[in-house]
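Report on the structure given below.
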Amino acid sequence: MKKPVGIALIGTGYIGQKTHLPAYLKMQEEGLVEIIAICDIDEAALSAASAKFGVTRTFTDYTQMLELDEIDAVDVCTPNYRHHQPVIDSFAAGKHVICEKPLAINAVEGAAMVAAGHAAGKKFQVALNTRFGSGPQAVKRFVEDGKLGEIYYARAHALRRRGIPGWGTFTQKDKQGGGPLIDIGVHILDLTLWLMGYPEPVSVTGQTYVKFGTREGVLGLAGQWDPKTYTVEDFAAGFIRFADGATLSLESSFAANLAENQFHTSLFGTEGGAYLEPANEEATRVFREESGTLTDTALAFLPKIMTHDAELREFVQAVINDTPVPVPGEEGLMVTRILDALYLSAETGREVRMTRE
Ligand SMILES: NC(=O)c1ccc[n+]([C@@H]2O[C@H](COP(=O)([O-])OP(=O)(O)OC[C@H]3O[C@@H](n4cnc5c(N)ncnc54)[C@H](O)[C@@H]3O)[C@@H](O)[C@H]2O)c1
């Protein structure tokens with residue numbers, strides 16, 4: 001049996017404790033990993049995680065932690081504006097890296113991170129976990145089997161009615177890079193691009209609005225934020241053109257007057273279409289014309305998959321077997337480049353052309 005992968009985690013906040021450390025604990029019981037150390041600048045978060053997950057080696061300075069030879073791979077779960085430096089430093093220390101989404105607050109930082117991974121010759125995965133659900137995996141198999149034909153249009157929505165986060169750095173542009181577009185839009189955009197085969201974007205048009213976040217007295221169903229420090233959009237819409245002629249429309253909100261929260265994507269193909277709600281396998285449908293009639297296919301018996309568990313397990317397997325990671329840094333960077341272009345288009349009021357890097 002191969003040696004367990006030595007894991008270190010930076011940022012023992014919400015996502016670190018809720019999904020990543022529990023997943024590693026399970027893999028540790030199976031002998032796949034050993035959790036070597038954890039780090040957080042917040043001592044309360046660090047000691048809570050240490051007690052909960054039985055990790056005794058704790059650090060408040062990740063650069064000291066990276067000196068440990070037993071660490072093979074680093075998991076970066078810090079806020080968006082603190083993805084860049086820990087990732088660069090982890091590669092410099094010769095470690096493999098998985099980094100929470102979005103890759104970075106902009107494509108300049110993201111490109112440097114991807115380049116550092118290449119220079120170090122190490123694996124680099126972005127934690128875009130939505131694709132790992134059983135609905136997305138099943139629809140991907142339909143696409144790969146040619147059942148949808150050529151996908152020429154997609155419609156991706158990540159919309160909340162009243163979901164402005166009342167905690168963390170989600171409402172601060174300098175720390176997040178943006179609002180709902182970069183926080184939840186990133187998931188539905190990656191999912192849709194992945195199902196479309198990651199076509200090459202050539203231009204984007206975007207618009208953003210701040211209609212709720214800076215107002216006093218707006219209902220806070222996800223906690224209460226401070227309108228005085230709110231600097232991100234609360235609604236964004238975009239339209240992306242690809243080199244192969246396909247197009248994608250995208251909408252994302254933290255707050256909007258609409259009937260219900262929406263987190264889904266629709267694919268329009270020449271041989272079939274698909275409607276996919278990643279968090280609701282039962283709602284997924286594939287639409288085709290078969291034997292002279294229109295058919296709607298429901299996907300029965302899809303297993304429940306813990307998407308964070310699945311992504312981390314595949315990352316660990318890629319390190320153990322020296323195989324490609326399922327969500328490479330390059331795909332995270334493509335998403336970040338599109339987001340940058342959408343924000344630029346919104347700022348300038350023009351279409352933004354995207355050139356190949
Ligand atoms: N994939 C998903 O579904 C999902 C869900 C939630 C959050 N996230 C992502 O995870 C990241 C963290 O989000 P969160 O909600 O856990 O935030 P959080 O604020 O709860 O946790 C972040 C932690 O990082 C720590 N930290 C900050 N700078 C540090 C540094 N230099 N060294 C060590 N620790 C440091 C903070 O003290 C905090 O404890 C974000 O990028 C977010 O987008 C992903």
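The values are calculated or read from the model by the stated rules, or taken from the named source; none is laboratory data. Source: prediction; values computed, not measured. Neighbour counts run over all protein chains shown; Cβ positions are idealised from the backbone, glycine included. Side chains included, ligands, DNA and RNA excluded: accessible areas come from the protein's heavy atoms. Shrake-Rupley method; radii C 1.70, N 1.55, O 1.52, S 1.80 Å.
Rg of the Cα atoms in the chain, relative to 2.2 N^0.38 Å, amounts to 1.00.
Spacing of the modelled spin labels on residue 58 and residue 243, each 7 Å from Cα toward Cβ, amounts to 5.0 nm. What do you get for trypsin sites (Lys or Arg not before Pro) in the stretch 1-106 restricted to DSSP loop and a cutoff of at most 10 other Cβ within 10 Å of the site's Cβ? Sparse-neighbourhood loop trypsin sites (Lys or Arg not before Pro): 2. Each of 305, 182, 320 has its accessible area taken with a 1.4 Å probe; listed largest first, they run 305, 320, 182. With a 1.4 Å probe rolled over the protein heavy atoms of all chains, the accessible area of 83, 264 falls in the order 264, 83, largest first. Label separation (residue 229 vs residue 25): 3.1 nm, computed from points 7 Å beyond Cα along the C-beta direction. Across the stretch 221-357, Cα-Cα pairs farther apart than 26 Å form 50% of the total. Paramagnetic label reach from residue 209 (point 7 Å along Cα→Cβ; backbone nitrogen cut-off under 20 Å): within the stretch 149-171, residues 155-165, 171. Shown in residue order for the stretch 58-72 are the 3J(HN,Hα) couplings computed by the Karplus curve 6.51 cos²θ - 1.76 cosθ + 1.60 at θ = phi - 60°: 10, 9, 9, 10, 5, 5, 5, 4, 5, 6, 6, 5, 5, 7, 9 Hz (x for Gly and Pro). Projecting label points 7 angstrom from Cα along Cα→Cβ for residue 141 and residue 347 puts them 4.4 nm apart.
With the biggest extent put first, the Cα atoms of the stretch 67-138 measure 40, 29, 21 Å across the principal axes. Close amide H partners of residue 211, meaning residues 5 or more places away or on another chain with modelled amide H under 5 Å apart, are 234, 235. Among complete DSSP H helices in the chain, those whose alpha-carbon atoms stretch at least 20 Å along the helix's long axis and whose mean Kyte-Doolittle hydropathy reaches 0.0 are 329-348. Multiplying the residue separation of residue 69 and residue 119 by 0.36 nm and removing their Cα-Cα distance gives an extension gain of 16.1 nm. Full extension of the segment from residue 200 to residue 221, taken as 0.36 nm per residue of separation minus the current Cα-Cα distance, would add 3.8 nm.
Given a 1.4 Å probe and every protein chain left where it sits, what share in percent of the accessible area of the stretch 1-90 is carbon and sulfur?
Percent of accessible area from carbon and sulfur atoms in the stretch 1-90: 53.
Relative to one another, the C-alpha centroids of the stretch 1-66 and the stretch 261-286 are positioned 36 Å apart.
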